[in-house]
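Below: the structure, in structure tokens.
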Amino acid sequence: MNALHTAQTARARQKVLVLGATGGTGRLIVQEALARGHEVRALVRSPDKARGLQGAEIIVGDARDEGALRMALQGIDAVFSALGTPASPFRAVTSLSVATSALVRAMTAAGVRRLVCVTGIGAGDSAGHGGFVFDRLIFPALLRRVYADKNRQEAIVMHSGLDWVLVRPAVLNDKPAKEVVRALTDLTGFHGGTIARADVAKFVVNQGQGDAWLHRAPLISW
């Protein structure tokens, strides 16, 4: 399934929890959700890193801590996860899968159904579609261990029993949003691609409601 996607704003207001809210994409998800009138709560490890998230309710805690997640989920309608981890050429990565396991347990206990989780091009069946530089140079040298954990993370989401959407952005940039992106599940002939973080944020917030991409893992790109 492939489709052109445009920003949609005529949705009911929600109370949303954002994980990874202090990262480049997470901050824009917070801003986009607030701009649409949603109530936003952000779980952050350090209050110092939460500067610039004005308008969001800040809760300090570790996304790997199920107890902290349960508290943060009180009254929440949907969760947007933009958790990330640095490149790790030599050491195993487990933080994404550990945090996502804790999140799924906490959401199940709290009765929160909607999870929109950002991973990336190269995860799951999008592996090998990043273009020559990404697939042959960047991925094996820097990201192989990170993506092993992203694959574990995606499997946890897919088997969670929740109302999930996995979002796999193409290579990210910080250019202005174009407002229209391609959302692809059939990657035949697709290699490479880029997308602005701002467009990723718009797509993610759109998935807080509706069933267009429910239980799917679209790759999004310009």
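Quick one: dipole size for the chain, taken about the Cα centre, charges +1 on Lys/Arg Cβ and -1 on Asp/Glu Cβ, in debye to the nearest 20.
On the way: 27 positive and 18 negative charges, 49 e Å.
Rounded to the nearest 20 debye, it is 240 debye.
Under a 5 Å amide H cut-off, with hydrogens placed 1.01 Å from N, V60 pairs with V44 among residues at least 5 apart or on other chains.
Can you tell me what share of the DSSP beta bridges in segment 2-221 is antiparallel? A percent to the nearest 5 is fine. Display every interim value, and only then the final one.
Working: 8 of 35 bridges.
DSSP beta bridges in segment 2-221 are roughly 25 percent antiparallel.
Ordered by the number of other Cβ atoms lying within 10 Å of each residue's own Cβ, fewest first, K175, K202 fall into the sequence K175, K202.
Mind ordering 63-73, 136-146 by average Cβ neighbours within 10 Å, highest first?
Working: 63-73: 18.6, 136-146: 14.8.
My ranking of the peptides, most packed first, is 63-73, 136-146.
Under 5 Å between amide hydrogens, built in the peptide plane, is the criterion, and for V40 it picks out V16, E57 among residues at least 5 positions away or on other chains. Sparsely packed loop sites in segment 86-119 (the trypsin sites (Lys or Arg not before Pro) outside DSSP H, G, I, E and B with at most 10 other Cβ atoms within 10 Å) comprise R91. From the Cα gyration tensor of segment 49-109, with a ≥ b ≥ c the square roots of its eigenvalues, which class applies: rounded if a/c is under 1.5, or else prolate if a/b is larger than b/c, or else oblate? Cα axes put segment 49-109 in the oblate bin.
In terms of Cα to Cα distance under 16 Å, which aspartates and glutamates are near enough to K178, apart from those fewer than 8 places away along the same chain? Of all the aspartates and glutamates, those that pass the test against K178 - Cα under 16 Å, at least 8 places apart if same chain - are E32, D199.
Extension gain, L214-L4: 0.36 nm per intervening residue step, less the Cα-Cα distance, totals 74.0 nm. A cut-off of 5 Å between modelled amide H atoms, ignoring neighbours fewer than 5 places along the same chain, links K175 with R197.
Only the coordinates and a few stated rules stand behind these numbers; no lab work does. What you are looking at is a predicted structure, and each value in this text was computed from that prediction instead of being measured. Every residue, glycine among them, receives a Cβ derived from its backbone with ideal geometry; neighbour counts consider all protein chains shown.
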